[in-house]
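Colleague: My questions all concern the structure below.
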Amino acid sequence: MEANFDLTGKVALVTGGSRGLGKQMVLAFAEAGADVIIASRKLDSCEELAEEVRERFGRKAMPIAANVSNWDDMDNLAEAALAEFGRVDILVNNAGMSPLYDKITDVTEALYDKVLDVNLKGPFRLTALLGTKMAEGDGGTIINVSSIASTHPSPDVIPYAAAKAGLNAMTKAYATGLGPNVRVNCIVCGMFLTDISKAWDMDATMVRAKERFDLERPGNPEEIVGTAMYLASDASSYTTGTLITVDGGRH
């Protein structure tokens, strides 16, 4: 059983990889034996985590600054990863953003475009580039990180919910288009206590969690690791085109 989760010799790229859920996945993959590429907008954060990976697990770690909303940045990220390692075996499209607003009329065109670009355009382009390379080579696995906003949308996150619903659809389409050598799956996340939660009203958050979630609490970032490891490894060798909800039992 342990061999199913062994990532020795694999190369994993995680966008939004320097903090939150992405950071937990980077650390888990490295502990399981993978070399990692850590991408986010802030290079210093990527470098700090890369150094931790090298010291704790002795794996290669490549930090790189990339804005997933920028098409050219995705081209450059894919090119840099392939130049350094020759391949990417595991791609995690984790970077995302969900700005709130008071009224739907407060959403500007610039904000709308940014939300769609970060949550949908970036994953589309990076998957097109690296997924095609995987399909032409020895295969691989792609993990998209979506949100329960895609299935339970609320008025205060309409562009974000629409983008994540698009990511769900893209997961299934790419699973067909890149199969059979590449598996493409999606983690549909509920509330997690990542860095963004520092801005939340925690009293209101806990009331909401007790009302709407079977486990009556938000998730801790490390609680994403089990699902991510399953999808990244051979343990999920017969799983593709699947949306796996990890939300503490949203109802």
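Colleague: Against the conditions (1) in contact (Cβ under 8 Å) with a residue 40 or more places away in the chain; (2) more than 19 Å from residue 89 (Cβ to Cβ); (3) not in a helix (DSSP H, G or I), where does residue 222 fall short? Just the number, please.
Modeller: For residue 222, the failing item is (3).
Colleague: Of the residues that make up segment 129-149, is at least one touching a residue at least 60 places away in the same chain (Cβ under 8 Å) and farther than 23 Å from residue 71 by Cβ? Show your work before the answer.
Modeller: Pass one, segment 129-149, residues touching a residue at least 60 places away in the same chain (Cβ under 8 Å): 130, 141, 143, 145-146, 148.
Now restrict to residues that are farther than 23 Å from residue 71 by Cβ: 141, 148.
Yes, segment 129-149 contains at least one residue that is touching a residue at least 60 places away in the same chain (Cβ under 8 Å) and farther than 23 Å from residue 71 by Cβ.
Colleague: Let me ask you something else. In segment 151-176, which residues are more than 15 Å from the chain's Cα centre (by Cα), part of a helix (DSSP H, G or I) and free of Cβ contacts under 8 Å to residues at least 40 places away in the same chain?
Modeller: 161, 169, 173
Colleague: Which of the residues spanning segment 107-142 are closer than 17 Å to residue 14 by Cβ, in contact with a strand residue (DSSP E or B) (Cβ under 8 Å, 6 or more places away or on another chain) and of a type in the set (A, V, I, L, M)?
Modeller: Answer for segment 107-142, where residues must be closer than 17 Å to residue 14 by Cβ, in contact with a strand residue (DSSP E or B) (Cβ under 8 Å, 6 or more places away or on another chain) and of a type in the set (A, V, I, L, M): 126, 130, 134, 142.
Colleague: Among residues belonging to segment 94-114 that are touching a helix residue (DSSP H, G or I) at 6+ places or on another chain (Cβ under 6 Å) and more than 18 Å from residue 39 (Cα to Cα), point out the one that is surrounded by the most Cβ atoms within 10 Å (Cβ to Cβ). Show your work before the answer.
Modeller: Filtering segment 94-114 for residues touching a helix residue (DSSP H, G or I) at 6+ places or on another chain (Cβ under 6 Å) gives 94, 96-98, 100, 112.
From what is left, the residues that are more than 18 Å from residue 39 (Cα to Cα) are 98, 100, 112.
Values: 98: 17, 100: 9, 112: 14.
Among them, the one singled out is 98.
Colleague: Right, next: Check residue 69 against each of (1) over 26 Å from residue 193 (Cβ atoms); (2) of a type in the set (S, T, N, Q); (3) in contact with a helix residue (DSSP H, G or I) (Cβ under 6 Å, 6 or more places away or on another chain); (4) free of Cβ contacts under 8 Å to residues at least 60 places away in the same chain and name the one condition it does not meet.
Modeller: Going through (1) over 26 Å from residue 193 (Cβ atoms); (2) of a type in the set (S, T, N, Q); (3) in contact with a helix residue (DSSP H, G or I) (Cβ under 6 Å, 6 or more places away or on another chain); (4) free of Cβ contacts under 8 Å to residues at least 60 places away in the same chain one by one, residue 69 breaks only (1).
Colleague: Another one. For residue 10, state whether it is of a type in the set (D, E, K, R), touching a residue at least 12 places away in the same chain (Cβ under 8 Å) and under 21 Å from residue 195 (Cβ atoms). Give the derivation first.
Modeller: Values: of a type in the set (D, E, K, R): yes; touching a residue at least 12 places away in the same chain (Cβ under 8 Å): yes; under 21 Å from residue 195 (Cβ atoms): no.
Answer is no for this residue.
Colleague: Within segment 195-239, which residues are under 27 Å from residue 18 (Cα atoms), touching a helix residue (DSSP H, G or I) at 6+ places or on another chain (Cβ under 6 Å) and charged (D, E, K, R)?
Modeller: Across segment 195-239, the qualifying residues are 195, 217, 222, 234.
Colleague: Another question, if that's okay. Does residue 132 count as assigned to a helix (DSSP H, G or I), hydroxyl-bearing (Ser, Thr, Tyr) and under 26 Å from residue 29 (Cα atoms)?
Modeller: Values: assigned to a helix (DSSP H, G or I): yes; hydroxyl-bearing (Ser, Thr, Tyr): yes; under 26 Å from residue 29 (Cα atoms): yes.
Criteria met by residue 132.
Colleague: Tell me the helices (runs of 4 or more DSSP H) entirely within segment 1-93 that contain at least 2 residues that are crowded, with 22+ Cβ neighbours inside 10 Å, more than 15 Å from the chain's Cα centre (by Cα) and at pLDDT 95 or above.
Modeller: On the way: elements: 20-31, 43-57, 71-85.
Result: 43-57, 71-85.
Colleague: Scanning for something within 24 Å of residue 237 (Cα to Cα), in a strand (DSSP E or B) and among the hydroxyl-bearing types (Ser, Thr, Tyr), does segment 109-127 turn up at least one residue? I'd like the intermediate steps shown before the answer.
Modeller: Within segment 109-127, the first condition is being within 24 Å of residue 237 (Cα to Cα), and the residues that meet it are 123-124, 126-127.
Narrowing further to those that are in a strand (DSSP E or B): none.
There is no residue in segment 109-127 that is within 24 Å of residue 237 (Cα to Cα), in a strand (DSSP E or B) and among the hydroxyl-bearing types (Ser, Thr, Tyr).
Colleague: Checking the condition of a type outside the set (S, T, N, Q) and closer than 19 Å to residue 25 by Cα, which residue from 215, 193 passes?
Modeller: Working: 215 fails: closer than 19 Å to residue 25 by Cα.
The unique qualifying residue is 193.
Colleague: Still on this structure, please answer the following. Looking only at segment 128-149, which residues are under 15 Å from the mean Cα position of the chain (by Cα) and of a type in the set (S, T, N, Q)?
Modeller: 141, 144, 146, 147, listed by residue number.
Colleague: One residue is enough: does segment 200-214 have a residue meeting the conditions in contact with a Phe, Trp or Tyr (Cβ under 8 Å, 6 or more places away or on another chain) and of a type outside the set (Asp, Glu)?
Modeller: No: segment 200-214 contains no residue that is in contact with a Phe, Trp or Tyr (Cβ under 8 Å, 6 or more places away or on another chain) and of a type outside the set (Asp, Glu).
Colleague: Can you find a residue in segment 190-211 that is in a strand (DSSP E or B), over 21 Å from residue 101 (Cβ atoms), touching a residue at least 60 places away in the same chain (Cβ under 8 Å) and not polar (S, T, N, Q)? Write out each step before concluding.
Modeller: Of the residues in segment 190-211, the ones in a strand (DSSP E or B) are 192.
With the extra rule that they be over 21 Å from residue 101 (Cβ atoms), the set shrinks to 192.
After this cut, where a residue has to be touching a residue at least 60 places away in the same chain (Cβ under 8 Å) as well, the list is 192.
In the following step, the residues that additionally are not polar (S, T, N, Q) were identified as 192.
Taking every residue of segment 190-211 in turn, at least one turns out to be in a strand (DSSP E or B), over 21 Å from residue 101 (Cβ atoms), touching a residue at least 60 places away in the same chain (Cβ under 8 Å) and not polar (S, T, N, Q).
The values are calculated or read from the model by the stated rules, or taken from the named source; none is laboratory data. Quick caveat, the model's predicted, so the values are computed rather than measured. Counting neighbours? That spans all protein chains shown, and the Cβs are built from the backbone with ideal geometry, glycine included.
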